[in-house]
Every structure is written in structure tokens, then in C-alpha cells.
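One structure below.
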Amino acid sequence: MLNYKMMELFHISCKNYKKGELINSDSFEQTEFYLNSTLSGKNWIDDFLDSQRPIGYPARKSSLFAFDCISNCSVFMNLSFKGLKAKYYRVKMPSPVAMPMCLTDSLIVDSLVHNTKIAKEYWQPIEEWKILEYLSNQMEILEVISESSEEEKISGSRNYHHDIEKRDRL
């Protein structure tokens, strides 16, 4: 686990946050993302990954997520917020842990051996991944930022396809 360190990152949400607002996921059992996953029948992914997480790491179902750059944040937007009006935020998170985002898409229902292998790489990555999702139980909103540019979206898409190719070789 990382030592306590504040890190500036990028977050996307359908919620309206204000500059300076402090969001603490310890005050709720499940995040909006997890609740949406439950509604779409995909919460088993977070539940499985949480069952495999190392001691001291935050649970996915109660974590806030962020990314290192707006390009990578835009990929998450395209995968999770299609058709919704989402807002981008520059945030600060204390001691986030970084996990490869694309691995969550490769879990297969009732495939314990495959999923355990993926979970191990997710929680303790050996490979170098271009898109990492940063998990923490707290974030401070530093500013609301404009939507990513086309160039940033293309860059994020390239990063995601790089990671998908690597994931498929695991």
C-alpha cells in the first residue's frame, strides 16, 4: 500500500460538485458507481475483486475513482456514462492506489481460475498499464474542468486499446 500522499487526479461524475467540496466515501456503504453496477447486474465484478483484495486496500464498492489525466478519464466516461451528461473534475486524493482499469472488463461469470488470475494482476500489477484507475475513500474537488478535447479522447482511446491488447495476452 502507498504511504500517505496527496495526489492530483481527474474524476468524472454525473453529480454536481463545487470547488473545495470534500467527498468521503466512508460516509456511505456503496458508491453511486457500485449502485449503477448493481442495477445493470455487473456488481459481481466489484464483489469478486473485493474478495481478492490485499489487506489495507480500499474496497471497490465503496471507493471513489479518478485517473491521472483527462485523456484516460475520457475513456471511463465513454465506457460508463454513455448518453449521460457527466462533468469532469480536477481532484486531490489522499494515498490512492492505482489499478489497471481494463482488467475489470475481462472477468467472466463462473470462471474462478481465470478471474483469480485477473484479480491478482489487478491488485498487484506486474505489467505496465497505460490507464490506471486510482481508488481512495476521499477526494477534494479542486475545480470543475471542461470536457476533454477530441485530441485527448483519441489519446485515451489509444491507451485503452494498448491495454486491451496486453490484457488479451495474459
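Do you know which residues across the stretch 120-153 are touching a Ser or Thr at 6+ places or on another chain (Cβ under 8 Å) and hydrophobic (A, V, I, L, M, F, W, C)?
Answer for the stretch 120-153, where residues must be touching a Ser or Thr at 6+ places or on another chain (Cβ under 8 Å) and hydrophobic (A, V, I, L, M, F, W, C): just LEU135.
Which residues, counting only those in the stretch 96-120, are touching a Pro at 6+ places or on another chain (Cβ under 9 Å) and either surrounded by fewer than 19 Cβ atoms within 10 Å (Cβ to Cβ) or basic (Lys, Arg) (or both)?
The answer is ALA98, and nothing else.
Would you mention how many residues in the stretch 13-27 are at pLDDT below 80 and over 18 Å from the mean Cα position of the chain (by Cα)?
Adding up the residues that qualify gives 1.
The values are calculated or read from the model by the stated rules, or taken from the named source; none is laboratory data. In this text the structure is predicted, and so the values were computed from the model without any measurement. Positions of Cβ are generated from backbone atoms using ideal geometry, with glycine treated the same way; all protein chains shown enter the neighbour counts.
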